[in-house]
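Trainee: Please read through the structure below; I'll follow up with questions.
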Amino acid sequence: MKVNGIHYRSIWYDTADDVVRIIDQRWLPHAFKVEVLRSLESFAIAITDMWVRGAPLIGATAAYGIAEQMRRDPSDAALDRAWNVLHDTRPTAINLRWALDRCRNQLSPLDPAARAESAMRLAHEIADEDVEINRMIGVHGLEIVKRIAASKPEGEPVRLLTHCNAGWLATVDWGTATSPMYHAAEAGIPIHVWVDETRPRNQGALTAWEIGSHGIDHAYITDNAGGHLMQHGMVDMVITGTDRTTARGDVCNKIGTYLKALAARDNGVPFYVALPSPTIDWTVQDGMKEIPIEERNGREVSHVQGILADGSIGDAQVAPDGSPLGNPAFDVTPARLVTGLITERGVCEASPEGLAGLFPERAAA
Ligand code: MRU
């Protein structure tokens, strides 16, 4: 999508300089910085320390990390090491493992001399596929937005609430939960988006920044405001992303998503999840029991990043000195609370039958 009128992806290969570049998300929304990733270690750090983030983008970054490593050393040992180093960066989003397995399965049988070129081609393929998947999620999600718009008085906006950043910054382009928003804006359907701040890392600020850059009407709200807004009839639809969805439709997403789903159910507000198929983990059923939830550094809770009085970007401490800190980064929303899963192949029920109906070949495998 666009930044100051220029189209960007969140990760791209710069053919002029022969390097992979990323938007360094640590500084957004306050500063727009682009970084070069040159070594396997720099790819791993970029994922662990959230220079890049969001399940689909983590997957694409891992694929480019493998490609970079294959240019330096295409041996079997280097391929295995790259898989392990990248795999150990973050535990919850399944796209990481999906991309790494796809790379290893495709590259392993090749003669090492052919691996560098194939790995880079595959990384481009994964990135391009992600863009198309997310575009199609927008096409299908738009139909839901249109239906809600048709049920409202002419010209009244459809009011969506979203949590975290499932935007183009969390993917390669378009975003998952934001794709229907961008499509609605293009179609001239008035929408208003309630954007949850999403402590501790405030990814909602990224959502507000990116949809704001595209002129989409929105308000940035505290994480605790959603239930109140739903009780007062001010939300027509909740739409979130997901970092891993199980074969039975349990949705693991940024911490706080579950509470939004509970409030939505209590108030009769439809709760949709934008789900690219690489985010489905067909090997697990029970999200609560089987998905590893990342516990991140407590400093993300004790401190908040922002613009300081002198205009620089810095951290302010909000927790008392010495308070023990807890920072689970994701939670699981059971399938029964999900109205529908919006995938690139259409919308389905959050159930084994719903997912298998849209992806019969994957479910069978
Ligand atoms: O910890 P993050 O920022 O990598 O979290 C991932 C997310 O951006 C969200 O959970 C998102 O809703 C799913 S990824 C499109």
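Trainee: Limited to segment 93-110, what total is found for residues that are out of contact with any helix residue (DSSP H, G or I) (no Cβ under 7 Å at 6 or more places or on another chain) and open to solvent by 70 Å² or more (accessible area, probe 1.4 Å)?
Mentor: So the answer is 2.
Trainee: Let me ask something else. Provide a single number: the residues in segment 200-222 that are over 20 Å from ASN253 (Cβ atoms) and touching a helix residue (DSSP H, G or I) at 6+ places or on another chain (Cβ under 6 Å).
Mentor: 1
Trainee: For segment 264-293, which residues satisfy the criterion of being within 13 Å of the ligand (Cβ to nearest atom) and either over 24 Å from GLU129 (Cβ atoms) or surrounded by fewer than 17 Cβ atoms within 10 Å (Cβ to Cβ) (or both)?
Mentor: The one that is within 13 Å of the ligand (Cβ to nearest atom) and either over 24 Å from GLU129 (Cβ atoms) or surrounded by fewer than 17 Cβ atoms within 10 Å (Cβ to Cβ) (or both): ILE293.
Trainee: Between a first residue in segment 34-46 that is in the same structural domain as ASP88 (by TED's automatic domain parsing) and a second residue that is part of a loop (DSSP other than H, G, I, E, B) and of a type in the set (Val, Ile, Thr), which pairs have beta carbons less than 7 Å apart while being 6 or more apart in sequence or on different chains?
Mentor: Matching pairs, first to second residue: ALA44/THR89; ALA46/VAL52.
Trainee: Here are HIS228, HIS214: which of them is over 30 Å from GLN317 (Cα atoms) and either surrounded by fewer than 24 Cβ atoms within 10 Å (Cβ to Cβ) or in contact with a strand residue (DSSP E or B) (Cβ under 8 Å, 6 or more places away or on another chain) (or both)?
Mentor: The conditions single out HIS214.
Trainee: Taking ILE66, is it away from the ligand (no atom under 16 Å from the Cβ), in the same structural domain as TRP12 (by TED's automatic domain parsing) and closer than 22 Å to ARG244 by Cβ?
Mentor: Here the answer is yes, as ILE66 does meet what is asked.
Trainee: Would you pick out the residues in segment 157-172 that are near the ligand (Cβ under 7 Å from one of its atoms) and touching a helix residue (DSSP H, G or I) at 6+ places or on another chain (Cβ under 7 Å)?
Mentor: HIS163, CYS164, ASN165, ALA170, THR171
Trainee: I'd like the full set of residues that are surrounded by fewer than 10 Cβ atoms within 10 Å (Cβ to Cβ) and of a type in the set (Asp, Glu), limited to segment 294-330.
Mentor: Scanning segment 294-330 gives ASP310, ASP321.
Trainee: Now for a separate question. ASN105 - would you say it is closer than 21 Å to ALA170 by Cα and either at pLDDT 95 or above or more than 16 Å from the ligand (Cβ to nearest atom) (or both)?
Mentor: Against the criterion (closer than 21 Å to ALA170 by Cα and either at pLDDT 95 or above or more than 16 Å from the ligand (Cβ to nearest atom) (or both)), ASN105 does not qualify.
Trainee: Need at least 1 residues that are away from the ligand (no atom under 16 Å from the Cβ) per element, so show me which strands (runs of 3 or more DSSP E) inside segment 173-257 make the cut, counting only ones lying wholly within it.
Mentor: The qualifying strands (runs of 3 or more DSSP E) are 191-196, 218-221.
Trainee: Go through segment 248-263 and give me each residue that's among the hydrophobic types (A, V, I, L, M, F, W, C), in contact with a helix residue (DSSP H, G or I) (Cβ under 6 Å, 6 or more places away or on another chain) and open to solvent by 10 Å² or more (accessible area, probe 1.4 Å).
Mentor: Across segment 248-263, the qualifying residue is only ALA263.
Trainee: Can you spot a residue in segment 320-335 that is of a type in the set (Val, Ile, Thr), in contact with a Pro (Cβ under 9 Å, 6 or more places away or on another chain) and not assigned by TED's automatic domain parsing to the domain that holds LEU57?
Mentor: No, segment 320-335 contains no residue that is of a type in the set (Val, Ile, Thr), in contact with a Pro (Cβ under 9 Å, 6 or more places away or on another chain) and not assigned by TED's automatic domain parsing to the domain that holds LEU57.
The values are calculated or read from the model by the stated rules, or taken from the named source; none is laboratory data. Just so we're clear, the structure is a prediction, and the values are computed from it rather than from any experiment. Here the Cβ is made from the backbone with ideal geometry for all residues, glycine too, and neighbour counts use every protein chain on show. Accessible surface areas use protein heavy atoms only, side chains included; no ligands, DNA or RNA. Shrake-Rupley method; radii C 1.70, N 1.55, O 1.52, S 1.80 Å.
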